[in-house]
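Input: a single structure, listed below in structure tokens.
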Amino acid sequence: MKMRKLGAQGPEISALGIGAMSFANFYGAATEAGSHAILDLARDLGVTHIDTSNVYGMGQSESFIGSYLAANPGARDDFHIATKAAITRDSAGNRHFDNSPAHFESELDKSLSRLGLDHVDLYYCHRRQADVPIEEVTGTLDALRQKGKIKAIGFSEIAPSSLRRAAAVAHVDAVQSEYSLQTRAPELGLVQTCAALGTALVAFSPVGRGLLTDTPATAEKVAGLPFLRSNPRFQSPNFEANLAVLQGFRDLAAEMGEPTAALSIAWLLAQGDHVIPIPGTRHTAFFRELVRGTELTLSADDLARINAVLPVGWCHGDRYNAEQWEGPERYC
């Protein structure tokens, strides 16, 4: 397994991580046994990084990881574990963001309990609270680092300008953002700013929520998943248009003799040594296809052919709807 540093000051972790939202029920029913099978295979294949959150399945993802670590005492040394906090709901069930020190520490303590750990390796602010300066949030996370409860700090879905402000207070080890062949916005400054500041860019949804694979979701499956059926890229006519464009990419992968998902991962890894994709899956066979992407080295000609079939801006539909856009920072 190829290894990459988690930012300029961080440890080496696998070039591919596990997006453990798949251990919740976000894209379909997840089971403890199935999640443990992915973690078993990860250890066999040298995948060391696990990315979870307190809100994935309302703690289910963390609990599944925790039960695996409890059942496999030596596994803790094999994994680099990240989790997040800041997304919460009020008494009426409305989602909002809490960047207070009390929230971060109390939610961290709950996460540590579910995971069965005394610290996590990376702790993210999952979403910015608009009326709290990012400098204050950075100070809050850094204080937890100084306490030894976390080893590194990160932010999810922030703009390059916000990263620069945060980095003026303390080193930011990682920024998490959606980045793939169908979501190229990070190239408008985030990829570059992370590289300049020694911050890892952790790329979630690197295979486009399944679109950048050989087996994209059917219309029937989309209809059964609340997030996808409300997402513009999976709504008609965008969905049909995207599938049609992507046939050319699947044909290219077949011509190259590789799974489409592997080619998607290999493309991302070629965008910078600080880029670390974290795909999620509930299926071990597909996990092997994702790991295959770390074994590919794409030539300049390969990259040109990929960009020819999927030029910047090819994707139909915004990546989020209006409600989903609450929290992530847009930038230009």
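Couple of notes before you dig in:
- All of GLY74, GLY66 fail the test of being modelled with pLDDT under 95, part of a helix (DSSP H, G or I) and over 16 Å from the mean Cα position of the chain (by Cα), apart from GLY74.
- The criterion of at least 1 residues that are farther than 15 Å from ALA82 by Cα, touching a residue at least 24 places away in the same chain (Cβ under 8 Å) and touching a strand residue (DSSP E or B) at 6+ places or on another chain (Cβ under 6 Å) is met, among strands (runs of 3 or more DSSP E) falling completely within segment 134-216, by 174-178.
- When restricted to residues that are buried (at least 20 other Cβ atoms within 10 Å of the Cβ) and more than 16 Å from ILE18 (Cα to Cα), segment 274-312 contains 3.
- Reported count of residues in segment 15-42, each being of a type in the set (Ser, Thr, Tyr) and either crowded, with 23+ Cβ neighbours inside 10 Å or assigned to a helix (DSSP H, G or I) (or both), is 2.
- The criterion of at least 2 residues that are surrounded by 21 or more Cβ atoms within 10 Å (Cβ to Cβ), under 21 Å from the mean Cα position of the chain (by Cα) and at pLDDT 95 or above is met, among strands (runs of 3 or more DSSP E) falling completely within segment 77-133, by 80-85, 122-125.
- Restricted to segment 265-299, and to residues there that are β-branched (Val, Ile, Thr) and assigned to a loop (DSSP other than H, G, I, E, B), the residue that is nearest to ALA253 (Cα to Cα) is THR297.
- Which numbered condition ALA254 fails, given (1) farther than 25 Å from ALA33 by Cα; (2) hydrophobic (A, V, I, L, M, F, W, C); (3) surrounded by 15 or more Cβ atoms within 10 Å (Cβ to Cβ): (3)
Here's the yes/no breakdown for (1) surrounded by fewer than 15 Cβ atoms within 10 Å (Cβ to Cβ); (2) at pLDDT below 95; (3) in contact with a helix residue (DSSP H, G or I) (Cβ under 6 Å, 6 or more places away or on another chain):
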{"site": "CYS194", "(1), (2), (3)": "no, no, no"}
{"site": "PRO226", "(1), (2), (3)": "yes, yes, no"}
{"site": "SER236", "(1), (2), (3)": "yes, no, no"}
{"site": "GLU240", "(1), (2), (3)": "yes, no, no"}
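- Residues that are of a type in the set (D, E, K, R) and within 22 Å of the chain's Cα centre (by Cα), drawn from segment 282-309: ARG282, ARG288, GLU289, ARG292, GLU295
- Test set (1) under 19 Å from ARG4 (Cβ atoms); (2) buried (at least 21 other Cβ atoms within 10 Å of the Cβ); (3) of a type outside the set (D, E, K, R) - ALA159 fails condition number: (1)
The values are calculated or read from the model by the stated rules, or taken from the named source; none is laboratory data. Only a predicted model underlies this, so the values are computations on that prediction, with no experimental measurement involved. Neighbour counts are summed over all protein chains in view; Cβ atoms, including those assigned to glycine, are modelled from backbone coordinates with ideal geometry.
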